[in-house]
Amino acid sequence: MDVWQFLADNKKRCLALTWEHIWIVSLALFIAILIGVPIGIVITRNKKVAQSVINTANVLITIPSIALFGILLPILSLIGHGLGKVPAITALVLYSQLPIIRNTYTAIQNVPSELVEAGRGLGMSRWRRLKEVEIPLAIPVIIAGLRTAAVMNIGIAAIAAYIGAGGLGVFIQEGISRVHQEMIVAGAILVSLLAILVDGTMALLERLITPKGVKIGRKQNQ
Amino acid sequence: MIQYENVTKIFGSGDKSVTAVDNVNFEVEKGELVTLLGPSGCGKTTLLRLTNRLLSLTQGKIIVDDQNIMDINRVKLRQSMGYAIQEVGLFPNKTIYGNIAIVPRLLKWDEDRIRDRVDELLTMLQLEPDTFRDRYPVELSGGQQQRIGVARCLAADPKILLMDEPFGAIDPINRVEIQDEFLRVQGKLKKTIIFVTHDLQEAIKMGDKIAIFQEGQLIQYDTPETILTNPKNEYIADFVGTDRGLKVLGLRKAKDVMVENPANLIQASTKASDALKFLQDKKLEHGTVVEKEKPIGYLTSANLEETEAPIKEIAEAYPKLITPYDNLKDVMSVMLMYDIRVLCVVDEDNNMAGTISLEDIQKSIMKIYSGTGEDKH
């Protein structure tokens, strides 16, 4: 089996599919952040609402991806995008909601109550408290949620090749139908490498973005 | 000035409602530090939090400098009052500078002015600005953090400070130190302060006045001395404790009980035999020897018997000279420590101001216990 040979022979296509994979996942993550982080913050105001929102996201994530594509097909067909990148990205956005909302909610919720109390008492508006205290303190945990979502999405995006979304899943799908083992393994390896790379990058980002005062505190506790 | 008029706060509704503050009326004068005292759950913290609208009133009015607080924007109101809490609540993601700068930044001060103000406050609280400005809260000790908490609440120079057990989270030794420091600062700044505490000692030490609460009601509002000497009822007498006599001693100054023209003065030029006769005639045990208004020591009959030496040489020096502003507790400690019943009080120029005896102090305690609200002896 000569996977390396296959990769070397198909350099251009590998790069193109990897790039396609990255941007599907990135776009999905970007949209997911825009939706999930505000939801995670807003629901901290009401425990009951928070519980049902998180439960809904919990249910979403248990739907198998193939089934979700199936559900989205008739719905998105209404706007002429039953197949391709639109349903793929939609599915990824939905799957990302649980880790993003849950982590955002938990992180904001875990900001020590005396800090919130002090902020209110000093006359900081809710927005100001969020911007200057709660979000900076919550950000490491929020990024951890994004990291989970990103890695998960890389895997699910590979399956989206079956609905014509493109990306590295194409190698796997094509390889299976042509019984081309090298192609399947090459696809799997590239997806895995991408996942590892993104995971590492996000870990680094998490560390960079943690406020310095919090880092010093963690070091002292060790 | 802060006026509380029929202030009531009820949490919950119907059967489950709890009256946390029950029809409270009192006034806090400008420049005064009032301590709110009582066991936990007595409503003191609730009252504090009503003042800057962290909680909303059920009934009544709170008027700050002739303005009803309900007519002031909530956030503006809070910015106009300093706020400090027991847990301090410094923001861990901000440096000391960033923490102190919170309210000035909300008020849109320019950064130069903020910088000067932060340095001024750090210096005032005896923290070296260059060392502390750029540190993070986790790098500071508990006592230092509490100081920053105080600095933060003073930052925009508010006229009113609301403090909820601001020194509650530190060990007793550091607490005394920060209390002293805060009193020194307050002596200069003259803020109007409401200070919640459950510690009687702290309430007595810090408060110009004390408001004692029980189950949401204001039971007594008076100066610490009046509360100790004249507790309004059994509850307060119990609360201030059977040792309230000793506590009053900590508040009373030597000048309050000293005898200004004592009968036992002996001029240094007097002969020993004459001095002895003087003491025996007046039935005195203790003579204070003075020379040109300055006390130089004391004599007893035993010192004078069978001697002709100049009394200036026989006189024993006082172990410690008392100033009129020393409190009676300290004076009594000196007496007990050196086994001496009479001490000499001197003014700033070390001139004789009077004498103070253990009996004088005792009498002052007796008066306290003969007041109303008698405890069980």
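The values are calculated or read from the model by the stated rules, or taken from the named source; none is laboratory data. A quick note: this is a predicted structure, and the numbers were derived from the prediction, not measured. When we count neighbours, we look across all protein chains shown, and the Cβ atoms used for this are built from the backbone with ideal geometry, even at glycine. Note: areas computed on protein heavy atoms with side chains; ligands, DNA, RNA excluded. Shrake-Rupley method; radii C 1.70, N 1.55, O 1.52, S 1.80 Å.
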Original post:
Which of the residues that make up region B:69-94 are more than 7 Å from every other protein chain (Cβ to nearest Cβ) and β-branched (Val, Ile, Thr)?
Top reply: B:Ile69, B:Ile72, B:Val88
Original post:
Any chance region B:215-226 includes a residue that's in contact with an Asp or Glu (Cβ under 7 Å, 6 or more places away or on another chain) and within 27 Å of B:Asp116 (Cβ to Cβ)?
Top reply: no
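Test of understanding: among A:Ile209, A:Ile196, A:Ile216, which residue is surrounded by 13 or more Cβ atoms within 10 Å (Cβ to Cβ), among the aliphatic types (A, V, I, L, M) and out of contact with any Lys or Arg (no Cβ under 8 Å at 6 or more places or on another chain)? Give the derivation first.
Numbers: A:Ile209 fails: surrounded by 13 or more Cβ atoms within 10 Å (Cβ to Cβ); A:Ile196 fails: surrounded by 13 or more Cβ atoms within 10 Å (Cβ to Cβ).
Unique residue meeting the criteria: A:Ile216.
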Original post:
Within region A:130-145, is there a residue that is free of Cβ contacts under 8 Å to residues at least 60 places away in the same chain, in contact with a strand residue (DSSP E or B) (Cβ under 6 Å, 6 or more places away or on another chain), within 11 Å of chain B (Cβ to nearest Cβ) and assigned to a helix (DSSP H, G or I)?
Top reply: no
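Has region B:98-116 got at least one residue that is within 7 Å of chain A (Cβ to nearest Cβ), in contact with a Cys (Cβ under 9 Å, 6 or more places away or on another chain), surrounded by 19 or more Cβ atoms within 10 Å (Cβ to Cβ) and of a type outside the set (Asp, Glu)? Break it down into steps so the answer makes sense when it comes.
Pass one, region B:98-116, residues within 7 Å of chain A (Cβ to nearest Cβ): B:102-103, B:106.
This time we only want the ones that are in contact with a Cys (Cβ under 9 Å, 6 or more places away or on another chain), so: B:103.
Filter once more, so that each one left must be surrounded by 19 or more Cβ atoms within 10 Å (Cβ to Cβ): B:103.
If we keep only those that are of a type outside the set (Asp, Glu) as well, we get B:103.
Looking through region B:98-116, at least one residue is within 7 Å of chain A (Cβ to nearest Cβ), in contact with a Cys (Cβ under 9 Å, 6 or more places away or on another chain), surrounded by 19 or more Cβ atoms within 10 Å (Cβ to Cβ) and of a type outside the set (Asp, Glu).
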Subject >> Among residues of region B:286-322, those that are in contact with a helix residue (DSSP H, G or I) (Cβ under 7 Å, 6 or more places away or on another chain), closer than 24 Å to B:Asp256 by Cβ and in a loop (DSSP other than H, G, I, E, B), counted >> reply: 2
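Please determine whether any residue of region B:205-222 is outside any loop (DSSP other than H, G, I, E, B) and of a type in the set (Asp, Glu).
Yes.
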Original post:
Filtering region A:97-126 down to residues that are closer than 20 Å to A:Val53 by Cα and open to solvent by 50 Å² or more (accessible area, probe 1.4 Å), which residue is nearest to the other protein chains (Cβ to nearest Cβ)?
Top reply: A:Asn110
**OP:** Keeping to region B:304-359, report how many residues are open to solvent by less than 70 Å² (accessible area, probe 1.4 Å) and aromatic (Phe, Trp, Tyr).
**Re:** 1
Original post:
Taking region B:26-44, which residues are modelled with pLDDT under 95 and of a type in the set (S, T, N, Q)?
Top reply: B:Ser40
